[in-house]
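Below is one structure, written out as structure tokens; comments come after it.
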Amino acid sequence: MSTAKRKTATRKRRPTRKYWSGAVMQRSDALDLEAGIFKASDPKRIALSLKRSAEHSRRRKAGPFQSAMSMLNFYLNRAGHNLPARQKRLLGQAKEELRRLYGRDTPKRGRAVAKKTTGRARTRRKQRRG
């Protein structure tokens, strides 16, 4: 019997995987976000920070409301499945607050948006009425 120690197979550690979405959050060309803003516990603070970033940015392609809401939705869609329910709820409240800050109507839940009619459909309706 051999007294030599047996070498165990060791795995090489791979560097931690970097996600492209994380890079977008850190180096977004459109908005300069406050560090850790999406981890804040106050929805109003999150909304105000996004609004401030969107309004001060000169590199965005859309309006400030759309840019701010897009960044918030991007975070929710990318990190949402890993977030606790409390944080998801908080970010949903931040969306409502952002809409309020910009004077936008909040969407009604459970109601379908009326479909816009074309000119031809309007004409047909008028003809039927008499």
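The values are calculated or read from the model by the stated rules, or taken from the named source; none is laboratory data. Since we're looking at a predicted model, the values are computed, not measured. No Cβ is skipped: glycine too gets one built from the backbone with ideal geometry, and neighbour counts run over all protein chains shown.
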Qualifying positions in the range 31-69 - touching a residue at least 40 places away in the same chain (Cβ under 8 Å), within 18 Å of Y102 (Cβ to Cβ) and among the small types (G, A, S): A47
Filter pass, A121 being assigned to a helix (DSSP H, G or I), modelled with pLDDT of 90 or more and small (G, A, S): no
Counted residues, the range 71-84 - those being modelled with pLDDT of 90 or more and crowded, with 17+ Cβ neighbours inside 10 Å: 1
Number of the condition not met by S21 [criteria: (1) surrounded by 11 or more Cβ atoms within 10 Å (Cβ to Cβ); (2) modelled with pLDDT of 70 or more; (3) out of contact with any Asp or Glu (no Cβ under 8 Å at 6 or more places or on another chain); (4) not acidic (D, E)]: (2)
Within the range 45-68, considering residues that are under 15 Å from E34 (Cα atoms) and among the hydrophobic types (A, V, I, L, M, F, W, C), the one surrounded by the fewest Cβ atoms within 10 Å (Cβ to Cβ): L48
Hits in the range 62-85 - residues which are farther than 21 Å from K44 by Cβ and assigned to a helix (DSSP H, G or I): N77, R78, H81, N82
Qualifying residue in the range 101-112 (condition: surrounded by 13 or more Cβ atoms within 10 Å (Cβ to Cβ), outside any helix (DSSP H, G or I), modelled with pLDDT of 90 or more and at negative phi): yes
